[in-house]
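Scroll down for the structure; my scribbles are underneath it.
The values are calculated or read from the model by the stated rules, or taken from the named source; none is laboratory data. In this text, all values refer to a predicted model and were calculated from it rather than measured experimentally. Heads up, the Cβs are rebuilt from the backbone with ideal geometry, glycines too, and the neighbour counts pull from every protein chain shown.
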Amino acid sequence: MRKLLSPVLVALSAFVLAGVAQAQTDPHAGHHPAPGAAAQAAEVRTTPADGWMGSTAPTAFSITFRHPMRLTAVSLKSGEADPAAIAVTDAASSAAVSVPLPALAKGNHVLTWSAQGADGHVMNGVVRFMVH
């Protein structure tokens, strides 16, 4: 049993160390655009959250990052209308940013956002929500 366990532990240790080494050599590890809502959730929290449904329309879009970021763009697509830019007035880097939203009618809405870190890396996201 001991002879079998030793090669397994060596292989497992090598696998773990290779992953740690890669994360340490990539200065942007964890900062790439997320391929889906679950991966994005590890990086940012938004209000409204992706998939949110409610009877009262949100009056602001808030986003919290794991580290300071500068929100560079936000757009809103409501129903079948073309996307409209939302003014981002605070250009300072912050871990939490909020921008006011226009009055929203009942229906489906999509917020698209971009942010940039101090080292130049960019994050993008999409938040889909519905007002009943």
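Tallying residues that are under 16 Å from Val126 (Cβ atoms), crowded, with 16+ Cβ neighbours inside 10 Å and not hydrophobic (A, V, I, L, M, F, W, C) within the range 49-106 yields 4. Pro35 meets the stated requirement of being within 11 Å of the chain's Cα centre (by Cα), at pLDDT below 95, surrounded by fewer than 10 Cβ atoms within 10 Å (Cβ to Cβ) and in a loop (DSSP other than H, G, I, E, B). Among residues of the range 45-91 being in contact with a Pro (Cβ under 7 Å, 6 or more places away or on another chain) and of a type in the set (Gly, Ala, Ser), the one that is nearest to Thr112 (Cα to Cα) is Ser75.
Taking the criterion of being within 17 Å of Thr46 (Cβ to Cβ) and either among the hydroxyl-bearing types (Ser, Thr, Tyr) or at pLDDT 95 or above (or both), the residues of the range 84-94 that qualify are Ile86, Ser94. Here Pro102 meets each of (1) at pLDDT 95 or above; (2) not aliphatic (A, V, I, L, M); (3) not in a loop (DSSP other than H, G, I, E, B) with one exception, condition (3). Candidates in the range 100-132 are the residues that are charged (D, E, K, R) and in contact with a strand residue (DSSP E or B) (Cβ under 7 Å, 6 or more places away or on another chain); of these, the one that is nearest to Ser75 (Cα to Cα) is Arg128.
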